[in-house]
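Visitor: Have a look at this one before I ask anything.
The numbers here are math on the coordinates, done by the rules we state, and not lab data. Computed from a predicted structure; not experimentally measured. Counting neighbours? That spans all protein chains shown, and the Cβs are built from the backbone with ideal geometry, glycine included.
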Amino acid sequence: MHLSVFHITKAFISPRGTISALADVTFTAFQGEFVALVGPSGCGKSTLLRLVAGLLAPDSGQIDFTGWPQPPKRRLVFQDHALFPWMTVADNVAFGLEMDGIDRTDRRQRAIAQLESMGLAGFADHYPHELSGGMKQRAAIARAFVTQPDILLMDEPLRALDAQTRLVIQEELLSLWERRRPLVLYVTHDIEEALLLADRVLVMSGRPGQVRAEVTPPLGRPRDLTGRAHPEIEESKWQIWKLLEEDVRRQIQPQRVTS
């Protein structure tokens, strides 16, 4: 089973003109892989996830899902937790199961079990406003995993968290993924995070985004992040940064005003 992205292009039209987000993006990702996407801000990483999720249609090119039921079950985890404020944590986690037609008793049991695996069982009947930021994001991740998706699309899910919470949730995320190993496409700006979590890192160019290179982290599976000392990834971090540096520096340079 694999996902194939063939020569995808995508542009957006606004009153200020046309913005080309992606140009000729091609790659393949396989069931059981954890694939990270890194690139400069605005290079189309989030757009690419939405295309794979079926929330957007490409202007040209093709996205194929080979070997899965058609269409495969896909779940998208956003930068913001996107929990419904009027629902309890358990009901939020069970929401995808409800959409799948699972009866109330069964979906609550599954939701509670998923919350237990993330240390949140004691907060099942709380509401999102009663949780910390880290707990909200853990609940959002639990909501994605509980439905047992074929493909999990994660758009910088840990971006808003403090550094300490982020380290813990990275470990929890890998532990959850190891149990069933759905295909994961994981967008991040953190090069080290990409290397620590992923089997492969796809490095994208500045807008319009293209896959510029593929880097394989020098780490095996299962992967223990608790020690956090991985000097072997330093060379890969430098390799990825050199691929990104020119586009990143160009992006943050002040625009010259011409008269």
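Visitor: Straight-line reach from K242: which lysines have Cα under 24 Å away, leaving out those fewer than 8 places along the same chain?
Guide: Leaving aside lysines fewer than 8 places away in the same chain, those within reach of K242 are K45.
Visitor: So how compact is the chain: Cα radius of gyration and Dmax in angstrom?
Guide: Cα only, the chain: 19.0, 68 Å (Rg, Dmax).
Visitor: Rounded to the nearest 20 Debye, what is the dipole magnitude of the chain about its Cα centre when Lys and Arg each give +1 and Asp and Glu each give -1 at the C-beta?
Guide: Computed charge dipole of the chain: roughly 480 debye.
Visitor: So what's the convex hull volume per residue for the Cα atoms of the range 79-148, in Å³? Working shown, then result.
Guide: Working: hull volume 5.5 nm³, N = 70.
Convex hull of Cα atoms, per residue: 79 Å³.
Visitor: Give me the aspartates and glutamates in straight-line cross-link reach of K73: C-alpha distance below 12 Å, same-chain residues under 8 apart excluded.
Guide: The reachable aspartates and glutamates, counting only those whose Cα sits under 12 Å from K73, are D100, D150.
Visitor: Next question, about the same structure. Choose one of A140, T105, A90: the residue whose Cα lies farthest towards the positive end of the charge dipole of the range 79-148 (beta-carbon charges +1 Lys, Arg; -1 Asp, Glu; about the Cα centre).
Guide: The Cα lying farthest towards the positive end belongs to A140.
Visitor: Just to be sure I understand the curve: with the Debye formula and one point per C-alpha of the range 20-69, what is log10 I(q)/I(0) at q = 0.15, 0.20, 0.24 Å⁻¹?
Guide: -0.45, -0.81, -1.14
Visitor: Once you order the gyration tensor axes a ≥ b ≥ c over the Cα atoms, which shape class does the range 162-230 get: rounded for a/c under 1.5, otherwise prolate or oblate by comparing a/b with b/c?
Guide: It is prolate, given that a/c is not under 1.5 and a/b is the larger ratio.
Visitor: While we're here: For the range 97-169, which trypsin sites (Lys or Arg not before Pro) are in a loop by DSSP, counting at most 12 other Cβ atoms within 10 Å?
Guide: Answer by residue number: there is no such site.
Visitor: Let me ask something additional. Are there chymotrypsin sites (Phe, Trp or Tyr not before Pro) in the range 128-226 that DSSP marks as loop and that have at most 11 other Cβ atoms within 10 Å, and which are they?
Guide: none
Visitor: Given a Förster distance of 30 Å, report the FRET efficiency between V168 and R104 from their Cβ-Cβ distance, rounded to the nearest 0.05.
Guide: So, using R0 = 30 Å, E works out to roughly 0.45.
Visitor: Now a separate question. Tell me the net charge near D125. Cut-off is 13 Å between Cβ atoms, D125 excluded, with +1 for each Lys or Arg and -1 for each Asp or Glu.
Guide: So the environment of D125 carries a net charge of -1.
Visitor: While we're on this one: With a ≥ b ≥ c taken as the square roots of the eigenvalues of the C-alpha gyration tensor of the range 98-194, please select rounded if a/c is under 1.5 and otherwise prolate if a/b is larger than b/c or oblate if it is not?
Guide: Values: a/c = 2.05, a/b = 1.30, b/c = 1.57.
The shape class here is oblate.
Visitor: Then there is this: So in the chain, what percent of DSSP beta bridges are antiparallel if you round to the nearest 5?
Guide: Expressed as a percentage, antiparallel bridges in the chain total about 55.
Visitor: Count neighbours as other Cβ atoms within 10 Å of each site's Cβ, and list the trypsin sites (Lys or Arg not before Pro) in the range 15-61 that are DSSP loop with at most 12 such neighbours.
Guide: R16
Visitor: Find out how many positive minus negative residues lie around P69, taking Lys and Arg as positive, Asp and Glu as negative, among other residues whose Cβ is under 15 Å from that of P69.
Guide: Working: positive: K73, R74, R75; negative: D64, D100, D150.
Cβ neighbours under 15 Å give a net charge of 0.
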